[in-house]
Amino acid sequence: MATAHRIPPAPQPELYRFKPLDFATLITYVAIAGFFAVAGELLAPFLRQIAPSPAAASYAVNLLFYASVGMLAVLAARKVVGRDLRVLATRPWFTLLMVPAAVIAMMILTAVVVALSGEAQTSQNQAGLQELAQQIPAWLMVPLLVVVGPFVEEYIFRHLLIGKLSRRVNIWICCALSVVLFAALHIVGQEAVTFTALLPYLAMGATLVFVYVWTGKNLMFAYFVHAAKNLLAVVFIYAIPPEVFEQLQQVQP
C-alpha cells in the first residue's frame, strides 16, 4: 500500500495545546509585521541614515524581525522539533527522497497554476529579493531565507494554524486558512495586489500544507521542504545574472 511508506503520526496531544509562549510568539510576529507594514514608510528616512544602503537597511530589518520571532518559536516548539527529528531519523531514506520530490512537485504545481492563469507576474516580494541579492552576499542571505525564515513561517502557518488550531476548528478550514494567510503574507504591502501575484504563493502554501498533514503534522519535514525550496531559489537568484531575469520577466506565455 502507498500509505505504508508514510511517516506514521506520533500522537502526543499535549504538544498541540496552545501555551502562553505560543501566544507570545504569535503576538510578537503580528505586532512587528504590522508595525513595519504601517510605519515602514515613516521609518525609511531614519533607516537610510543609519544603514549604508537601502538594501542593507531592508536586510537588517528582516533579520531582526525573523531572529526575534525565531528565538521565541524555537523555544515554544522545542519539544515538537525534538519529537519530529526523532521520527524522521527512523526513516532517513524517506526524508532524503521526499524532500526534493516535494520541492519538484511544488515547482510543477506553481508552473501549472501560473500557466492556467494566462499571465506571468513577478511579485514585489520576488523582485525585492532579486534586488537585495545584487547588494547582499549569499552567505548573509542563506541564514535569513533558508534557516530562520522558513522555520518561523512553518511554526506560525503550519504548526499553530493547523497543528494546534485544528484541535478546536475543522482541519480543512485550518488548512485553507494556512494557505491563504501564507500567500497573503508574501504580497502584503504591494501597491496593487493581484491574483496572478498571489498564485505562486498559493501553490507553495498548498504544497507545504499537504506535506505537513500527510506526514502526520511533522513540523520539521515541512520545514526541510520549505528550506530546500528557498535554498534552490537563492541559488537561482545568485547564479542567474539580473539581465536574464529581466528578459524572462518580459516573456509572455
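The values are calculated or read from the model by the stated rules, or taken from the named source; none is laboratory data. Owing to the predicted nature of the structure, the values given are computational and were not obtained by experimental measurement. Note that we place each Cβ from the backbone using ideal geometry, even for glycine, and neighbour counts take in every protein chain shown. These accessible areas exclude ligands, DNA and RNA; they are computed on the full protein's heavy atoms, side chains included. Shrake-Rupley method; radii C 1.70, N 1.55, O 1.52, S 1.80 Å.
Looking at VAL169, VAL152, which is the one that is closer than 28 Å to TYR238 by Cα and either at pLDDT 95 or above or out of contact with any helix residue (DSSP H, G or I) (no Cβ under 6 Å at 6 or more places or on another chain) (or both)?
VAL152
Which number in (1) over 19 Å from ILE104 (Cβ atoms); (2) modelled with pLDDT of 95 or more; (3) open to solvent by less than 50 Å² (accessible area, probe 1.4 Å) marks the one condition that LEU177 misses? In the conditions (1) over 19 Å from ILE104 (Cβ atoms); (2) modelled with pLDDT of 95 or more; (3) open to solvent by less than 50 Å² (accessible area, probe 1.4 Å), LEU177 misses (3) alone.
Checking the condition outside any loop (DSSP other than H, G, I, E, B), of a type in the set (Gly, Ala, Ser) and surrounded by fewer than 15 Cβ atoms within 10 Å (Cβ to Cβ), which residue from ALA115, ALA183, ALA76, ALA105 passes? Quick ask: steps written out before the conclusion?
Working: ALA183 fails: surrounded by fewer than 15 Cβ atoms within 10 Å (Cβ to Cβ); ALA76 fails: surrounded by fewer than 15 Cβ atoms within 10 Å (Cβ to Cβ); ALA105 fails: surrounded by fewer than 15 Cβ atoms within 10 Å (Cβ to Cβ).
It is ALA115.
Figure legend. Inter-residue proximity from region 221-237: first residues open to solvent by 10 Å² or more (accessible area, probe 1.4 Å), second residues at pLDDT below 95 and not in a helix (DSSP H, G or I), beta-carbon distance below 6 Å, spacing 6+ or different chains. No pairs are indicated.
Okay, residues lined up against (1) farther than 18 Å from GLU154 by Cβ; (2) modelled with pLDDT under 95; (3) touching a Ser or Thr at 6+ places or on another chain (Cβ under 6 Å):
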residue	(1), (2), (3)
ALA10	no, yes, no
GLU14	yes, yes, no
ALA33	no, yes, no
PHE46	yes, yes, no
SER68	no, yes, no
MET71	no, no, no
VAL74	no, no, no
LEU85	no, no, no
TRP93	yes, yes, no
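Residues that are closer than 16 Å to VAL152 by Cβ and either open to solvent by 40 Å² or more (accessible area, probe 1.4 Å) or hydrophobic (A, V, I, L, M, F, W, C) (or both) were ranked within region 194-220; the one that is modelled with the lowest pLDDT is MET204.
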